[in-house]
Amino acid sequence: MQVATKDQRLMEGSTTKPTLSFRGVNLTFSDGTDALRDINLDISQNEFVSIVGPSGCGKSTLLRVASGLEDASSGALETDHDHLGYVFQDATLLPWRTVSGNVGLLAELRKLPKPEREKKVADALELVGLDKFANYHPRRLSGGMRMRVSLARALTMDPQVFLFDEPFGALDEITRERLNDELTQLFVTRQFAALFVTHSIFEAVYLSTRVVVMSPRPGRIIAEFKIPFAYPRQPEIRFTPQFAEIAGNISEALRKELD
Amino acid sequence: MTIIETVNSPISTSQSSPKRTNALKRINNIVPPLILFGVIIAIWEILSASLSGARKFLLPTPQSVLMQGILSPDAYTEILPSFVRTAALALAGLMVAIILGMIVAALMYRFKWLERASFPYLVALQAVPVLAIAPLMAVVFGYSFTAKGIIVVLIAFFPIPANFLLGLRSVDKGLIDLFRLNKASWWTRFFKLALPNALPQLLTGFRISAGLAVIGAIVGEEFFQAGVPGLGMRLLQYLDQVEYHRLYGALILSSLLGISFYTFFTRLSHRLLRNWHESVQA
Ligand SMILES: Nc1ncnc2c1ncn2[C@@H]1O[C@H](COP(=O)(O)OP(=O)(O)OP(=O)(O)O)[C@@H](O)[C@H]1O
Ligand SMILES: [Mg+2]
């Protein structure tokens, strides 16, 4: 178990320029809801950061600020919005479009020429293993497959920054673990900076290079844990004592905040 | 591209077996109404046979309605042109209602203040007994196709903007975020998101309005009782002339008109939505 101190973070920040960076971000909604308070967080290329925190603490809001959907009330955010992947809790597919039509949507909205679009779609579908289902409509797919379509759609952006808002929360355990493995493989090959919100501490530890714990609203960052396991990660690490210890520490940090 | 092409074949082969179940389904859809049709004809037959001599004219037998009221040369040379005339009237009115209604809903979707300003009037229009303004129409437009058409439009209008607007507004919030995130313009959002999203509700509006348009056309004609005769005028005329065979013939044709409008829009809806909407079984 290691808790990254503020100094350690600063040191890392000086070696590689962060791809996504929050500097003293505060957010108060127009109705007075105080959602985020003094968020400082740097994520570099090749870092996978998960956020855990109690329900309603502002995790989704943090991602919305990162994506530019929501503006911070104060503080600064730096990132590359043209290479941003965002996967929501629901697959958010257009039900009237086929799988390939859905995967090609973002390139279409960004007016890429058709041949380039088609290549992106074919590549992304192959990457998530859905090339055989290109002509299916979402209705005919399982929940896991729909999430893969959503993932493929985000991949067409060639994301440098990849935001995930509890993407696998609605899936069964087996599908979830399989998608976790596929996601770490993607992370190894694509080397993006990831910010991943989840309710599952185990998922957070398994996927991440770093886990961030947030307080109840207004959301602040109250602890950070470095995860030492090497990539690509083997499913067995979930059953090692070291894994259990880290998960236990994160759980304790969360609990302490709730009392 | 090659990937997509190789995928095509397994899908098309997998569709050949559902074809057989489709045929079965179709039989399932056709047989029960046919049986009911037989039952209704039988009841009709019994009822008309049970009427005493003096009252027999009130309900002629099914065959005599068919032979004398519709298929005899005298009858069909008169009733078929009327049928076509009423069908054209209902169709023209429906088309105008659809086009106007869609434009109105799209404007309300774009400009919220317009919805607030005009929706009360749309609702009020619902409440106005449209036939009450028919005499005014007659004064302004004469006993013309236009005058009757306006009645049809007024009667069939409301479901189009009401349903379309509901569909436009019921887009999933996550999808709106997705489009916003990718800098989609209002037009892009309208055509690629709101419009297809509203298609099921819009088609429901079409179906309701189609039925209303047929009713509006016939009732409008009954009211005017002048100009080129459609089914509505024939109905009253046959009633006056105690031509009950023809009266029932005209009634049957009126129902046929309503049924064919309804069927057309149901089919259209099924065809457009079958791949993705819950209302259509896979
Ligand atoms: N547009 C908004 N206006 C006002 N308050 C909002 C708005 N969006 C979110 N909130 C509030 O801000 C807080 C944080 O919401 P957020 O969705 O970020 O929480 P979360 O951590 O993602 O919760 P969960 O784990 O349940 O998904 C909540 O109390 C929520 O009610
Ligand atoms: Mg959330």
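Can you name the residue in the range A:145-156 that is more than 12 Å from chain B (Cβ to nearest Cβ) and within 22 Å of A:Ile51 (Cα to Cα) and, of all such residues, is nearest to the chain's Cα centre (by Cα)? Spell out the reasoning first.
As a first pass, look at the range A:145-156 and keep what is more than 12 Å from chain B (Cβ to nearest Cβ): A:145-149, A:151-152, A:155.
From what is left, the residues that are within 22 Å of A:Ile51 (Cα to Cα) are A:147-148, A:151, A:155.
Working: A:Met147: 13, A:Arg148: 14, A:Leu151: 11, A:Leu155: 13 Å.
Only one residue tops the list, namely A:Leu151.
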- Taking the range A:196-238 as the search range and keeping residues that are away from ligand 2 (no atom under 16 Å from the Cβ) and of a type in the set (Asp, Glu), which one is nearest to the chain's Cα centre (by Cα)? A:Glu224
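Looking only at the range A:186-222, which residues are of a type outside the set (A, V, I, L, M, F, W, C) and in a strand (DSSP E or B)? Spell out how you get there, then give the answer.
Here is the first cut: in the range A:186-222, the residues of a type outside the set (A, V, I, L, M, F, W, C) are A:189-191, A:198-200, A:203, A:206, A:208-210, A:215-220.
Those that are of a type outside the set (A, V, I, L, M, F, W, C) and in a strand (DSSP E or B): A:Arg210, A:Gly219.
Residues that are facing chain B (nearest Cβ under 9 Å): which helices (runs of 4 or more DSSP H) entirely in the range A:57-140 hold 2 or more of them? If you could, list the steps in order and put the result at the bottom.
Numbers: elements: A:59-67, A:99-103, A:105-109, A:114-127.
Where helices (runs of 4 or more DSSP H) fall fully within the range A:57-140 and carry at least 2 residues being facing chain B (nearest Cβ under 9 Å), they are A:59-67, A:105-109, A:114-127.
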- Quick check: is even one residue across the range B:84-95 in contact (Cβ under 8 Å) with a residue 40 or more places away in the chain, basic (Lys, Arg) and surrounded by 14 or more Cβ atoms within 10 Å (Cβ to Cβ)? yes
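Do you know which of the residues in the range B:257-282 that are in contact (Cβ under 8 Å) with a residue 60 or more places away in the chain and more than 14 Å from chain A (Cβ to nearest Cβ) is farthest from B:Leu71 (Cα to Cα)? Give the steps one after another, and end with the answer.
Initially, the range B:257-282 is screened for residues in contact (Cβ under 8 Å) with a residue 60 or more places away in the chain, giving B:257, B:261, B:265, B:268-269, B:272-273, B:277, B:279.
Those left that are additionally more than 14 Å from chain A (Cβ to nearest Cβ): B:257, B:261, B:265, B:268.
Numbers: B:Leu257: 17, B:Phe261: 23, B:Phe265: 28, B:Leu268: 31 Å.
Among those residues, the one meeting the criterion is B:Leu268.
Given the residues B:Leu253, B:Leu203, which is the only one that is over 30 Å from A:Ala154 (Cα atoms), within 14 Å of another protein chain (Cβ to nearest Cβ) and touching a residue at least 40 places away in the same chain (Cβ under 8 Å)? Steps first, answer last, please.
Details: B:Leu253 fails: within 14 Å of another protein chain (Cβ to nearest Cβ).
From the options B:Leu253, B:Leu203, the qualifying one is B:Leu203.
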- Item | Residue check for B:Asn163: surrounded by 19 or more Cβ atoms within 10 Å (Cβ to Cβ), assigned by TED's automatic domain parsing to the domain that holds B:Gly249 and within 20 Å of the chain's Cα centre (by Cα) | yes
- Does A:Ile43 meet the test of being hydrophobic (A, V, I, L, M, F, W, C) and within 16 Å of ligand 2 (Cβ to nearest atom)? no
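Looking only at the range A:175-195, decide whether some residue is more than 14 Å from every other protein chain (Cβ to nearest Cβ), in contact with a helix residue (DSSP H, G or I) (Cβ under 9 Å, 6 or more places away or on another chain) and within 15 Å of ligand 2 (Cβ to nearest atom).
Kept after step one, since they are more than 14 Å from every other protein chain (Cβ to nearest Cβ), are these residues of the range A:175-195: A:175-195.
Then drop every residue that is not in contact with a helix residue (DSSP H, G or I) (Cβ under 9 Å, 6 or more places away or on another chain), which leaves A:175-184, A:186-187, A:189-190, A:192, A:194-195.
From what is left, the residues that are within 15 Å of ligand 2 (Cβ to nearest atom) are A:195.
Yes; the residues of the range A:175-195 include at least one that is more than 14 Å from every other protein chain (Cβ to nearest Cβ), in contact with a helix residue (DSSP H, G or I) (Cβ under 9 Å, 6 or more places away or on another chain) and within 15 Å of ligand 2 (Cβ to nearest atom).
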- Note on the structure: Per the list (1) within 27 Å of B:Asn182 (Cβ to Cβ); (2) surrounded by fewer than 23 Cβ atoms within 10 Å (Cβ to Cβ), residue check on A:Leu207 breaks on (2)
- Note on the structure: Here the qualifying pairs (Cβ atoms under 6 Å; residues six or more apart or on different chains; first in the range A:57-74 and within 16 Å of A:Asn40 (Cβ to Cβ); second assigned to a helix (DSSP H, G or I) and within 12 Å of ligand 1 (Cβ to nearest atom)) come out as A:Ala72/A:Val65
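Is it the case that some residue within the range A:30-38 is within 30 Å of A:Lys256 (Cα to Cα), buried (at least 17 other Cβ atoms within 10 Å of the Cβ) and more than 14 Å from ligand 2 (Cβ to nearest atom)? It would help to see each step written out before you state the result.
Keep residues of the range A:30-38 that are within 30 Å of A:Lys256 (Cα to Cα), which gives A:31-38.
After this cut, where a residue has to be buried (at least 17 other Cβ atoms within 10 Å of the Cβ) as well, the list is A:35-37.
Okay, now just the ones that are also more than 14 Å from ligand 2 (Cβ to nearest atom), so A:37.
Yes, the range A:30-38 has at least one match.
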- State which residue is farthest from the other protein chains (Cβ to nearest Cβ) when the search covers only the range A:27-56 and only residues that are within 12 Å of ligand 1 (Cβ to nearest atom) and among the acidic types (Asp, Glu). A:Asp34
- Among A:Pro159, A:Pro167, which is the only one that is within 16 Å of ligand 1 (Cβ to nearest atom) and either surrounded by fewer than 17 Cβ atoms within 10 Å (Cβ to Cβ) or within 13 Å of the chain's Cα centre (by Cα) (or both)? A:Pro167
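The values are calculated or read from the model by the stated rules, or taken from the named source; none is laboratory data. Everything numeric in this text was worked out from a predicted model, so none of it was measured. Note: ideal-geometry Cβ built from the backbone for every residue, glycine included; neighbour counts use all protein chains shown.
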